[in-house]
Amino acid sequence: MITSVLVANRGEIACRVFRTCGELGIRTVAVHSDADENALHARVADTAVRLPGSAPSDTYLRADLIVKAAVAAGVDAVHPGYGFLSENADFARAVLDAGLVWIGPPPEAIEAMASKTRAKQLMGLAPLDLDEVAESDLPVLVKAAAGGGGRGMRIVRRLAELSAALESARAEAASAFGDGEVFVEPYVENGRHVEVQILADAHGTVWALGTRDCSLQRRHQKVIEEAPAPGLPPELTDALHQMAVRAARAVAYVGVGTVEFLVAGGQAHFLEMNTRLQVEHPVTEAVFGLDLVAEQIRVAEGAALETDPPRARGHAVEARLYAEDPATDWTPQTGPLHRLTVPAGVRLDTGYDDGDEIGVHYDPMLAKVVAHAPTRAEAIRRLAGALERATIHGPTTNRDLLIRSLRHEEFTSAAMDTGFYDRHLPELTVPAADPHAPLAAALAQAHAGSRFGGWRNLPSQPQLKRYATGGEEIEVTYAYGRSGLTAEGVQVVHADPALVVLEIDGVRRRFEVARYGDRVHVNTTTLTALPRFPAPAPQHAPGSLLAPMPGTVVKVAEGLITGSSVQAGEPIIWLEAMKMQHRISAPVTGTVTALPVTEGQQVEMGTLLAVVQETS
């Protein structure tokens with residue numbers, strides 16, 4: 001019987017595993033990097049162990065330190081979560097060799113399936129030979145052999161781009177998973193990403209727990225997932241279940257796992273088997289009424305499953321809330337998360353609490369929000385409505401994108417595929433700030449700053465406030481009168497620092513206002529308060545390339561020095577942030593006139609990386 005568990009992970013998944021352990025009466029132990037010393041997962045566990053000596057981005061890849069921590073903490077078992085070492089057979093063996101229970105599949109099964117190249121061979125498939133990729137094979141997908149989450153993946157449409165794609169994919173995979181092996185396979189355009197959740201015990205029973213559709217992806221990383229996958233013919237669903245069970249039996253699988261497919265033209269193309277718990281497992285839990293983490297623990301203790309799985313009921317949809325700006329190439333965002341709440345009736349899985357800092361070292365996912373309802377349409381409506389009413393105070397997020405995606409006709413009609421954002425991103429990221437939000441922010445600030453309740457003995461000039469939102473600057477005016485605050489075109493019904501009520505064309509609207517420094521949140525609109533008389537903006541030479549986020553310069557283009565000639569669009573610097581590599585390309589064809597950064601250098605957002613002077 002397992003009585004204590006160490007989770008070899010961080011963030012949302014560690015907190016999620018701890019929650020189930022607490023319900024089962026199991027003592028919990030967290031591990032953390034120095035950067036995560038005050039992270040939520042380290043705070044909610046019964047015990048936390050620091051992993052010393054590694055850079056924050058590598059800490060959770062140190063199997064030796066984690067096993068040492070587990071032994072020192074006296075736990076019975078180790079749960080790997082997802083990502084990091086969750087599909088590392090050597091880590092699983094090290095846990096077992098230490099006399100601990102491994103809450104996962106046998107190392108041999110991980111070895112057979114965690115490498116996507118070996119998994120394909122096991123399923124009778126083979127990747128393309130790296131040395132023999134030809135124009136006729138294009139487009140192709142470069143893919144990391146280990147891990148997942150879109151890291152180490154690149155689409156290649158021109159043969160000349162293959163070498164650079166292989167190099168950057170290897171570097172990204174090595175950073176995220178400690179394994180730089182990659183392979184190449186044909187890229188199926190406009191397919192649906194469909195997967196099957198499996199659960200197997202050590203007594204020969206394998207459950208296929210329905211399907212999930214995960215087609216809405218950015219950078220090959222899932223954004224919205226649902227169960228069951230809508231619109232699949234029954235015969236195709238049955239075939240997917242059978243292939244998934246066959247894959248599990250082929251490697252004597254034990255525990256939870258996911259078999260992934262690309263469905264196009266009514267045909268299923270095997271992608272990989274993930275030998276771990278998936279990020280999107282909550283939608284399956286909702287539909288089948290299961291706790292998959294509890295089932296993992298039961299199976300690890302040797303319990304047998306029933307002959308048949310429980311019956312599926314209803315539909316569930318999950319949205320991943322990221323600290324990122326989809327309108328600027330999905331740029332990760334950092335800073336304090338002041339507040340995160342969602343309405344009752346939906347599930348929130350998160351690794352953050354109010355006041356926590358979103359750093360640069362790890363994935364920018366803030367939370368997963370899950371809705372379950374009797375029908376797909378009801379689940380979508382419930383999730384979109386919950387996101388719309390959620391309180392999210394902090395860095396820019398993809399909340400608006402999620403809401404618009406869920407309400408997009410292509411999604412509501414289940415006609416989506418993996419190219420959804422390639423087609424629709426511009427329309428889904430058009431700024432849509434509430435036009436009355438700046439006035440509400442100004443009135444709230446005016447009330448907070450008034451010593452005399454807003455009253456003036458003599459008439460005064462209108463007050464002016466300036467705000468920035470969606471790349472635009474907005475000016476609003478209001479005045480103090482004998483009756484209090486007034487503004488043109490609206491009636492100010494109520495104003496205090498946290499709530500403004502305006503009557504607009506006979507309709508009363510409430511605006512909840514929260515201010516953190518110069519950042520102002522008004523309902524779902526985020527504003528930046530600007531000084532009335534702005535200071536001159538920093539001057540940069542034409543062609544200056546500034547860091548779009550905090551991160552590490554991991555590579556400067558080979559041979560690039562001051563005086564080098566570059567072509568417009570040519571990558572010249574690679575910046576790594578939150579386990580993803582971002583290419584910084586030359587804005588024009590010209591000459592590099594400044595290159596003040598070096599490989600390995602940490603930079604803040606706005607740091608000058610290079611200057612490219614355009615050829616006259």
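The numbers here are math on the coordinates, done by the rules we state, and not lab data. Since the structure is predicted, the reported quantities are computational estimates derived from the model, not experimental observations. No Cβ is skipped: glycine too gets one built from the backbone with ideal geometry, and neighbour counts run over all protein chains shown.
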Original post:
DSSP beta bridges in the stretch 4-103, what fraction antiparallel, as a percent rounded to 5?
Top reply: 0 percent
Subject >> Over 28 Å (Cα to Cα) - which of Lys116/Lys222; Lys120/Lys222; Lys68/Lys222; Lys143/Lys368; Lys143/Lys555 fall in this group >> reply: Lys68/Lys222
Subject >> Value at 222 nm in deg cm²/dmol, rounded to 500, when DSSP H runs of n ≥ 4 in the chain each add -39,500 (n - 2.57) >> reply: -7500 deg cm²/dmol
Subject >> Largest-first principal axis extents, alpha carbons of the stretch 249-314, Å >> reply: 40, 32, 24
**OP:** Take every Cα pair under 8 Å in the chain that's 6+ residues apart, average their separations, divide by the length, and report that relative contact order as a whole percent.
**Re:** 9 percent
**OP:** Name the longest site-free stretch of the chain, where the excluded sites are GluC sites (Glu not before Pro) in a DSSP loop with no more than 14 other beta-carbon atoms within 10 Å.
**Re:** 307-487
Original post:
For volume of the Cα convex hull per residue in Å³, the listed values are (1) 177; (2) 138; (3) 267; which was obtained by calculation from the structure presented?
Top reply: (1)
**OP:** Starting with the fewest neighbours, write out Tyr60, Tyr187 ranked by other beta-carbon atoms found within 10 Å of each beta-carbon.
**Re:** Tyr187, Tyr60
Original post:
Which of the trypsin sites (Lys or Arg not before Pro) across the stretch 264-357 are loop residues per DSSP, with 12 or fewer other Cβ within 10 Å?
Top reply: Arg311, Arg313
**OP:** Send over the per residue convex hull volume for the stretch 565-616, Cα only, as a whole number of Å³.
**Re:** 77 Å³
**OP:** Could you list the chymotrypsin sites (Phe, Trp or Tyr not before Pro) in the stretch 352-458 that lie in coil according to DSSP, counting only those with at most 12 other Cβ atoms within 10 Å of their Cβ?
**Re:** Phe452, Trp455
